[in-house]
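The values are calculated or read from the model by the stated rules, or taken from the named source; none is laboratory data. Keep in mind that what you see is a predicted model, and the values were worked out from it rather than measured. Glycine gets a Cβ as well: all are built from the backbone with ideal geometry, and neighbour counts include every protein chain shown.
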Amino acid sequence: MDYTDENEWNEGHPLLATLIGCALLIAGGWFGLPWLPPAPLIVIMAAAMVVAGLIWGIAYLVTLRRATANWKLLSFMALLLTAAAVGYAATWIAEQRLKADLSTLMEVQMDPDGFPIFPPGAENRGPISKLYVGFAREMVEGQRAFDAEADKADLDLFADAGALRARPAILSDCGRIAKVKASGQTMIERRRAGFKAMIDAIQRTDYPELFKRGVISGMTGDQTDETLTEMAAIQGRLLDAVQGACTVLARRRWVPEGAVFMFTNDGDLNAFSAFGQQQNQANAELQRMQMASRQRLREGQMKMRRAMGRPLL
């Protein structure tokens, strides 16, 4: 190549224009990522290529048109490679965000009372984690408030004749058990509304639809409404049986023998026994539901772990 060719090679400052274009692509990816919704790799790569083409076109109009054909081609290839690298990096970062958010659902555990336990700071892992932890905390607060109301109503006295003989005032107000039942129904309806609000909020996130469907499925969203309806029915039967037992005991045709009720009337004995069986059956059904809930949680977590092994975008 002669000296004249070298002058032509440097015309239009193609190296500087290419470096500036690459810097713009990198800066755009760095600062724009938090504002861009996660998208499949092919979509992000295509968008990056389009942007690279636009930058090269602007550079061509401003200065590259005076460069040699070799520099035009090299500049275009450099911008495309940079755009591809930025697009891949953006996809990788977005996928790590999704996996961090998903990890909260995979790591949640249940305590002996059936309440969820989350790792410290789980609500800061992403929008779905924040929604899920917030819903779970509201659920726990509602359940504990209901349990406190049930304890205040002294429902455990109906299983201890000696304790009930010492504190018989509850027998004059069996109707307050109906108030506990109403509070329980309200608690379950609030939980139903809270779960629906959480699912709706997840649907409004900018995550890919396939990812959101997988998350909702992992939460057993298709079964939750049915499960809560069944729980409300079982809890209602349990408290109806407690109120029925209270009504029988209020007739005062019994004496305590330790914790056992010794009835002086066969009709009362049979009725109290029937209500006791109803309570035992309801408690067994609630335990079954709790075990089934734990099993669904484990199955959902297994699905999510399998999904974590595959690209999410």
Would you point out which residue out of Pro112, Pro116 is loosely packed, with under 13 Cβ neighbours inside 10 Å and farther than 16 Å from Ala197 by Cα? Pro112
Applying the selection to the stretch 78-110, what residues are over 15 Å from Leu24 (Cα atoms), free of Cβ contacts under 8 Å to residues at least 12 places away in the same chain and part of a helix (DSSP H, G or I)? Trp92, Gln96
Return the pairs, sorted by first residue and then second, in which the second residue is assigned to a loop (DSSP other than H, G, I, E, B) and surrounded by 11 or more Cβ atoms within 10 Å (Cβ to Cβ), the first residue lies in the stretch 113-124 and is modelled with pLDDT of 90 or more and small (Gly, Ala, Ser), the beta carbons are less than 9 Å apart, and the residues are 6+ apart or on different chains. Ala122/Val108
Lys152: passes all of (1) basic (Lys, Arg); (2) exposed (fewer than 15 other Cβ atoms within 10 Å of the Cβ); (3) closer than 25 Å to Ala27 by Cβ but (3)
What number of residues in the stretch 199-228 are in contact (Cβ under 8 Å) with a residue 24 or more places away in the chain and more than 30 Å from Ala284 (Cβ to Cβ)? 9
Keeping to the stretch 55-88, report how many residues are touching a helix residue (DSSP H, G or I) at 6+ places or on another chain (Cβ under 6 Å) and of a type in the set (Ser, Thr, Tyr). 4
Leu73 fails exactly one of (1) within 26 Å of Met45 (Cα to Cα); (2) among the hydrophobic types (A, V, I, L, M, F, W, C); (3) buried (at least 20 other Cβ atoms within 10 Å of the Cβ), namely (3)
Condition test on Asn270, is it at pLDDT 95 or above and in the same structural domain as Lys179 (by TED's automatic domain parsing)? yes
Can you tell me which residue is farthest from the chain's Cα centre (by Cα) among those in the stretch 229-273 that are under 21 Å from Arg190 (Cβ atoms) and free of Cβ contacts under 8 Å to residues at least 40 places away in the same chain? Ala233
